[in-house]
Structure formats: C-alpha cells, structure tokens
Amino acid sequence: MKNEKNYQYPLDETWSNEEITTVIKFYNLIEAAYEVGVDREELLDGYRAFQKIVPMKMDQNSLSKEFEKESGYVIYQVIKQARKSDKTVIKM
C-alpha cells in the first residue's frame, strides 16, 4: 500500500466535470476506508453513483485495477466488506 498521494486517479476524459467529481469522491471514500474508516451507507451510495457513471462491469474492473495499481487500495475488497457488514463504519 502506498502512503504518499502522488498518484493520479484513473479517469475518463469523456466524463463531464460532475461525473469526474463523483468518481473522485468515490475514490476518496475508498481511501478513507483504508486510512480512517468511512460510513458504510455513504460508501455504498458512492459506489452506486460510480456504477451509474461506469455501467459496464468490464470498465469498472479496468478502472478499479488502475486505481489499485496507482494507490495500493483494492476497491473490490472495500465494497465486499461493506456489503457483508452490518457495522456503520467500514475500516480496512
């Protein structure tokens, strides 16, 4: 896991500014889950918003792998934990 934040988020240049902001907020939630903990419902809401912007599973997986490569954080594991947990805060 990389501790410095000198990496670029994987984004699509065809997205609107609003879509880019939404995806960055989702990436921030993933980072927070690893670093300090994040509200479960806020995380799942962020994931649903991400899915609306990136509806194709193949594209979601591609962005997730790029995010993991850049940051060291695994989106899949965070979402899996959030879905199966009944805790209000998700901390990896």
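The values are calculated or read from the model by the stated rules, or taken from the named source; none is laboratory data. Since the model is a prediction, treat every value here as computed from it, not as a measurement. Counting neighbours? That spans all protein chains shown, and the Cβs are built from the backbone with ideal geometry, glycine included.
Observations on the model:
- When restricted to residues that are more than 14 Å from R40 (Cα to Cα) and surrounded by fewer than 14 Cβ atoms within 10 Å (Cβ to Cβ), the stretch 74-92 contains 1.
- Only a single criterion out of (1) in a loop (DSSP other than H, G, I, E, B); (2) at pLDDT 95 or above; (3) more than 18 Å from T22 (Cα to Cα) is not satisfied by A82, namely (1).
Conditions (1) surrounded by 11 or more Cβ atoms within 10 Å (Cβ to Cβ); (2) in contact with an Asp or Glu (Cβ under 8 Å, 6 or more places away or on another chain), marked per residue:
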position: Y9; (1), (2): yes, yes
position: Y27; (1), (2): yes, no
position: R40; (1), (2): yes, no
position: L43; (1), (2): yes, no
position: A49; (1), (2): yes, no
position: M58; (1), (2): no, no
position: G72; (1), (2): yes, no
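- Hits in the stretch 16-74 - residues which are over 18 Å from I90 (Cα atoms), among the hydrophobic types (A, V, I, L, M, F, W, C) and either modelled with pLDDT under 95 or not in a helix (DSSP H, G or I) (or both): V54, M56
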